[in-house]
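Read the structure below first, then the notes.
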Amino acid sequence: MTQFHAFRDSRPKEEKWELIDGVPMMMPPPTLMHQRIASNLDRLLNAQLEASKPAWRSDREVGVWLKGDEKYNPEPDVTVIDAAIAIGQIYVERFYFVAEVLSPSERREVLDSKLAYYQTHEHNGCVLFVRQDTIGAEQHERTASGWRTQTLDDPEAALVFGGVGSIGRLGDLYKFTPLDPFVRH
């Protein structure tokens, strides 16, 4: 992992790199839709976390790293982590929720690889893949009997996460975008 970190740190700051299945992958700059959706999700999560889990905080573009795993070093778009952080901290080894805003060209094998990685983390309770080309999301939530997957496409569908509660509706993730189903002015 330190070899990847040294490589990444040698690259220009405007480049974003993730280590996926042992392969360094340069990520293209996100679209404004991508940024807006991630920002909306982050805001909704933090509003609910303040009330239900004040020891947790949602942050954007946090590197996650599981000790002993040299093949992965993803940087989800939104990650729920412990509120207490250290000065200069870049990576977290414990996370409770991760979300990725998908580009239309996202390859399923990369998503499956990330999903498998996120699901191995003992504290993580939810993985959310959000579309940016249409209203929709794929929610993977840990239950007592394993992982449950559901596809959301109704803008009124409630976004509910175990231990956190409801953060709003699927359509709320698209606020102030061309896909905003509730067209707020």
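A few notes on this one:
- Odd one out for residue 81, checked against (1) buried (at least 17 other Cβ atoms within 10 Å of the Cβ); (2) β-branched (Val, Ile, Thr); (3) out of contact with any Asp or Glu (no Cβ under 7 Å at 6 or more places or on another chain): (3)
- Odd one out for residue 59 among (1) among the acidic types (Asp, Glu); (2) within 15 Å of residue 138 (Cβ to Cβ); (3) out of contact with any Pro (no Cβ under 9 Å at 6 or more places or on another chain): (2)
- Exactly one residue among 159, 170 is in contact with a Pro (Cβ under 9 Å, 6 or more places away or on another chain) and within 25 Å of residue 54 (Cα to Cα), and that residue is 170.
- Top-ranked residue of segment 21-42 - restricted to ones that are surrounded by fewer than 16 Cβ atoms within 10 Å (Cβ to Cβ), of a type outside the set (Ser, Thr, Tyr) and outside any strand (DSSP E or B), ranked as modelled with the highest pLDDT: 32
- Residue check, residue 171 assigned to a loop (DSSP other than H, G, I, E, B) and under 21 Å from residue 58 (Cα atoms): no
- Within segment 43-70, considering residues that are at pLDDT below 90 and touching a strand residue (DSSP E or B) at 6+ places or on another chain (Cβ under 7 Å), the one surrounded by the fewest Cβ atoms within 10 Å (Cβ to Cβ): 63
- Selection from segment 93-109 of residues that are surrounded by fewer than 16 Cβ atoms within 10 Å (Cβ to Cβ) and of a type outside the set (Gly, Ala, Ser): 93, 94, 104, 106, 107, 108, 109
- Residues (of a type in the set (A, V, I, L, M), under 16 Å from residue 45 (Cα atoms) and buried (at least 17 other Cβ atoms within 10 Å of the Cβ)) located in segment 158-184: 159, 164, 167, 170, 173
The values are calculated or read from the model by the stated rules, or taken from the named source; none is laboratory data. As the structure is a prediction and not an experimental result, all values here were calculated from the model. Don't worry about glycine lacking a Cβ; one is built from the backbone with ideal geometry, like all the others, and counts go over all protein chains shown.
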